[in-house]
Amino acid sequence: MEKKIFGKTLALQYLICLFFLLSQITGTSFSPFSDSSFSHPPSSSPPSNLHPSSSRASLRRILLGILFGSLTGAFASIVFLFSIRLFILFANRTPILKGPVIFTPKISPKSLKVIFPGNDESLQMLGSSPNGKYFKLALNNEVTVAVKVIESTYSSGSPGTNSNSWKRKVQRELELLAKVSHRNVMSLRAYVRDHDRFSLVYDYISIGSLEDAMKRVRLNRLRLGWELRHRIAIGMAKGLKYLHFEFIPRILHYNLKPTNVLLDEGFEPKLGDCGLARLVVAGVDSSISSCYVAPECFQSCRYTDKSDIYSFGMILSMLLTGKDPSDPFFMEEMGRGGLGPWLRHLQQVGEAREALDKGMLGEGEKEEEEMLMAIRIALVCLSDLPADRPSSDELEAMLTQLHSF
Ligand SMILES: Nc1ncnc2c1ncn2[C@@H]1O[C@H](COP(=O)(O)OP(=O)(O)OP(=O)(O)O)[C@@H](O)[C@H]1O
């Protein structure tokens, strides 16, 4: 459309020039640039009797006319195009919505009233971080949901442009996230905006997160064998593949860690909080401190799909070893350099078996072989160079094929 407009303006510009030229040749005053001292009265000096100096002067006038005409035309075109672009941008601006936006018939707008600020005390908190809080909430019609509350840091100041552009940005992102539909990704069911606070409604998952499950495993309150851990890893890789390659536009997770992987009754994983860290001003800074963040995010603040793969590698290492990367076992003074370097060292000296979670050992030779292969996959995901890490579709294939070795 802009091309058409540009074409039309160019044509207009040339018409102006042509008109100006003709007016100069015929001696008609057309432009503000042709003042009376420049123009010759047509009757008093016919062109045939022109002195060479006066014909040079008229040639100069014509050239000046062309130059000014072109400049005016070009300037007018730029101003015109710029105003059209501004108008289009303004017309397409996302309106800031009021009231709940619901994407499922299971939830009624009335039942979401309890989410409004001031009621936080009465809600059961599931988790909290600088990026926001998670609450458990039973709605009127007995549907239980998990509500993530995120707030703009602009809220402390007067509600200005920054705050409004943040709200529009969040709204656009949430409309996109509501379209996400995959068994391994949490679906956004509704959201409510109140001033600078967004409450995001998801299904409540009774088992909780992978972090919750692994804590119970470490306390011997839950047994999670290799088959289930393998299934969790495959499900996560499928979720990432969907976000990176199947959903348009691609979504990067930005904050993949065990607290953001929810497990349903069948231990099928669902990636939660997809893309949210990018929306919260504290998001990137607060997740930087996490052991699950790829090194390039500290060094160059560059986040790609391969950064999500690094986080996946950390989670897979955690599943295989049963160890929490923030465990004092990996403190600097212990000289192990973190979960990744420790695992790599054992792999290089041929003692990778030592790293496996003791709770999974003794499941059979075939299973142990698979676990050792999975350690190699985790280590490729933890490569320092993003280019050396597999993509999520390669990762899914590698993990699914483990059974066939
Ligand atoms: N849909 C859900 N159903 C049940 N429990 C949930 C759900 N979503 C989150 N949780 C609980 O909330 C916890 C995570 O809380 P939260 O996201 O605030 O912490 P975090 O992941 O460390 O922070 P952040 O993702 O903001 O960096 C999970 O470990 C889980 O126990």
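The values are calculated or read from the model by the stated rules, or taken from the named source; none is laboratory data. Model, not experiment: these values are computed from the prediction. Using ideal geometry, Cβ is built from the backbone for each residue, glycine included, and neighbour counts are taken over all protein chains shown.
Below is a table of values for the structure above.
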quantity	calculated
Residue that is modelled with the highest pLDDT, among those in the stretch 151-164 that are under 14 Å from ARG193 (Cα atoms) and out of contact with any Phe, Trp or Tyr (no Cβ under 7 Å at 6 or more places or on another chain)	GLU151
Strands (runs of 3 or more DSSP E) fully within the stretch 166-280 counting 2 or more residues that are away from the ligand (no atom under 15 Å from the Cβ) and in contact (Cβ under 8 Å) with a residue 40 or more places away in the chain	190-194
Residue list for the stretch 211-235, filter: in contact with a Lys or Arg (Cβ under 9 Å, 6 or more places away or on another chain) and hydrophobic (A, V, I, L, M, F, W, C)	VAL217, LEU222, LEU224
LYS179 at pLDDT 90 or above and either surrounded by 20 or more Cβ atoms within 10 Å (Cβ to Cβ) or more than 27 Å from PHE247 (Cβ to Cβ) (or both)	no
Matching residues in the stretch 136-146 - criterion: being more than 9 Å from the ligand (Cβ to nearest atom) and either surrounded by fewer than 17 Cβ atoms within 10 Å (Cβ to Cβ) or at pLDDT 90 or above (or both)	ALA138, ASN140, ASN141, GLU142
Hits in the stretch 298-323 (condition: exposed (fewer than 15 other Cβ atoms within 10 Å of the Cβ) and part of a helix (DSSP H, G or I))	PHE298, GLN299
Test: residue in the stretch 251-263 that is within 26 Å of the chain's Cα centre (by Cα) and basic (Lys, Arg)	yes
Residue among SER326, SER286, SER290, SER307 that is assigned by TED's automatic domain parsing to the domain that holds MET236, within 16 Å of the ligand (Cβ to nearest atom), at pLDDT 95 or above and over 21 Å from ARG223 (Cβ atoms)	SER307
